[in-house]
Every structure is written in C-alpha cells, then in structure tokens.
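This report concerns only the one structure given below.
The values are calculated or read from the model by the stated rules, or taken from the named source; none is laboratory data. Note that the coordinates shown come from a computational prediction; the quantities given were computed from them, not determined experimentally. Glycine gets a Cβ as well: all are built from the backbone with ideal geometry, and neighbour counts include every protein chain shown. Calculation scope for accessible area: heavy atoms of the full protein, side chains included, ligands and nucleic acids excluded. Shrake-Rupley method; radii C 1.70, N 1.55, O 1.52, S 1.80 Å.
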Amino acid sequence: MGIDRASIEQALAAAGCISPADEADVLLAAAGDDCESLAAMLARRIDGEPLPWITGSIVFCGLTVRVAPGVYVPRWQTEPLARLAASLVPPTGVAVDLCTGAGAVAMVLAATSPDARVVATDVDPLAVACARSNGVDAYQGVLDEPLRSALKAAVDVLTAVPPYVPTSELRFLPRDVREREPAAALDGGADGTEVLAEIVRRSPRWLRPGGRLVLELGGEQASALEPVLRTAGFDAPDLLRDPEDDPRGIVARLAQPA
Ligand SMILES: C[S@@+](CC[C@H](N)C(=O)[O-])C[C@H]1O[C@@H](n2cnc3c(N)ncnc32)[C@H](O)[C@@H]1O
C-alpha cells in the first residue's frame, strides 16, 4: 500500500525537517511510482540523512549537482557568491576553486564561461570523485598543493568556500549537519579563519596581478582577515552581504605592480 502525501509531510515535520512540504515533493519525485523505495528514502530522511544524499543530487544555480553520501551538501546561500565569481571570469580566462566539495561552484564557473579553464581541488577523495562525476576537473590534496605550476600568476579568479565555522560553534549547527556532514568540511579552527587565512596567504602565487580572490565567510571574519590580505598584497576587499545584511563573503583584488 502506498504512503499518502499528507503522511509523508507529517512524518518529515515530526522529524524536525524545516520544509516538510518541499522535501515531500522531492522524495515523491525521486521515488516515482516505487512505493518501497519511497518508504526507504523517507526512513533515511527521518533518520537524519541529508536529502541530497538520498536523492543523489541538488539544484545549485539552476545546475543539477550530484552529491554523494559523505560529501558536503552545497548550500543555496552560496549561490550569489558563485554567480558573482562567475561574472568575474573572462570568457577564455582561468579560474580555480579550492575546497570544491561536490564541485558546485566550479560547475557554475564552467557553465558561465564554457571556454574558460576551471580547475578544482579538495582534500577529501570522496569529494574529488563526486566533483569529477559532475564534470569538474578536480584534484585531491591540501588547498593549492595539487595545482600545476603552469597556473602560477595565471589565475583570474580563485574561489573557496572553505570550512569556516569556529570550533566552539560547531555544537550550534543543526543536528543533521553536525552528525552527518564531515567535520573537516565545517571546522575552521578557533575563530573559524584558519583555512581562510591559509588560502589568502597561498593565493598570490596563483593569481595574476589584478586577479580576484572570492571567499565565503561569516560573522566578523572579514575584519579578522584584513591584515592577512594586506600582507599578502591584496587591495581592501569588498564585503558581500546576504539579504539579512549579514557578512557572507569577500572579493579581494591582488594589487597590480606600481
Ligand atoms: C564547506 S565545504 C564547501 C564545499 C563546496 N565548495 C560547496 O560550497 O559546496 C568545504 C570543503 O573543503 C574541503 N577541505 C577542508 N579542508 C581542506 C583543506 N585543508 N584542503 C582542501 N580542501 C579542504 C572539505 O573536504 C569540503 O569539501
């Protein structure tokens, strides 16, 4: 016997899902007419598994991104940053996406500038395999370490959505995120800026003069990064804010030689 839509929504709401109606739609669409698989998917979701791990994908900036179980789920909150970064890549330019995860940001860069060269890296082999399954030219290793030296001083735009949650604030994340998504994708160290600052320090060797560094961050992290950016040779960054006016990212331009 099938499960009716109202019961699915009710079960999702009772499990604490924030958008039970939307999630019910996604599960019903993914299961098609297969009642057994619908019941199995619903059980996984109620157990706290992220929805895209169950259905296999998520839509990000209009693109279908495969998300393998164990890989960080791209957030809709990152979409404006991805679109902005994509608008900065010249048609035949070069872009690098560090900490690419499933490759969502790199996919937007490549889809916006099909003739540009887009390279991505991630430390997690599972993420790299997932990004490759999404057509991303992805390499495994710490931050910029897998990049070929031919890219030195050749990159127009370097993006990263690194781990930036302060360690002490990880416990405030929703239970599903805390218990299911990889801690290494979230934990940014004491004040959350450890990986961000390392990216700032490493990026001048890859960016061409005038090239842009586009980073997602939160809270007061932009101010904390300003001295690091200055020392690394960047102009004062532009702050990106979300619709609630909270800081969400920065765009910093590598200074041109005088
Ligand atoms: C917050 S997730 C973002 C993933 C993707 N950019 C997105 O927006 O969906 C951070 C990613 O950084 C990767 N990561 C964490 N530390 C890293 C490091 N030191 N070097 C390279 N990748 C790292 C994690 O494996 C994870 O995939």
Checklist line | DSSP-defined antiparallel bridges as percent of all bridges, the range 76-253, nearest 5 | finding: 35
Notebook entry, point to check: What residues have an amide H closer than 5 Å to that of GLY211, excluding those fewer than 5 places away on the same chain, when H is modeled at 1.01 Å from N in the peptide plane?
Noted result: LEU254
Item checked: Ellipticity estimate at 222 nm from DSSP helix runs (n ≥ 4, -39,500 (n - 2.57)) divided over the chain, nearest 500 -> -10500 deg cm²/dmol
Item checked: Cβ charges +1 (Lys, Arg) and -1 (Asp, Glu), total dipole of the range 5-66, debye -> 160
Note to self: Once the convex hull of the alpha carbons of the range 1-123 is built, what does its volume come to per residue, in cubic angstrom?
What the structure shows: 104
Margin query: Counting only protein heavy atoms and a 1.4 Å probe, tell me what percentage of the chain's accessible area is made up of carbon and sulfur.
Written below: 54
Notebook entry, point to check: Roughly speaking, what is the centre-to-centre gap between the range 94-160 and the range 5-73 when only Cα atoms are used, to the nearest Å?
Noted result: 28
Notebook entry, point to check: Mean 1/r over all different Cα pairs, inverted: what Kirkwood radius does the range 76-253 give, in Å?
Noted result: 16.1
Checklist line | Dipole magnitude of the chain, debye to nearest 20 (Cβ charges: Lys/Arg +1, Asp/Glu -1, about Cα centre) | finding: 1020
Checklist line | P(r) of the range 5-66 over all Cα-Cα pairs, binned every 5 Å from zero, in whole percent | finding: 4, 19, 31, 27, 13, 6, 0
Item checked: DSSP-assigned coil residues among GluC sites (Glu not before Pro) in the range 185-258, each with at most 16 further Cβ atoms within 10 Å -> GLU220, GLU244
Check: Accessible area per residue, 1.4 Å probe, Å², for the range 67-162: what's the number?
Finding: 39
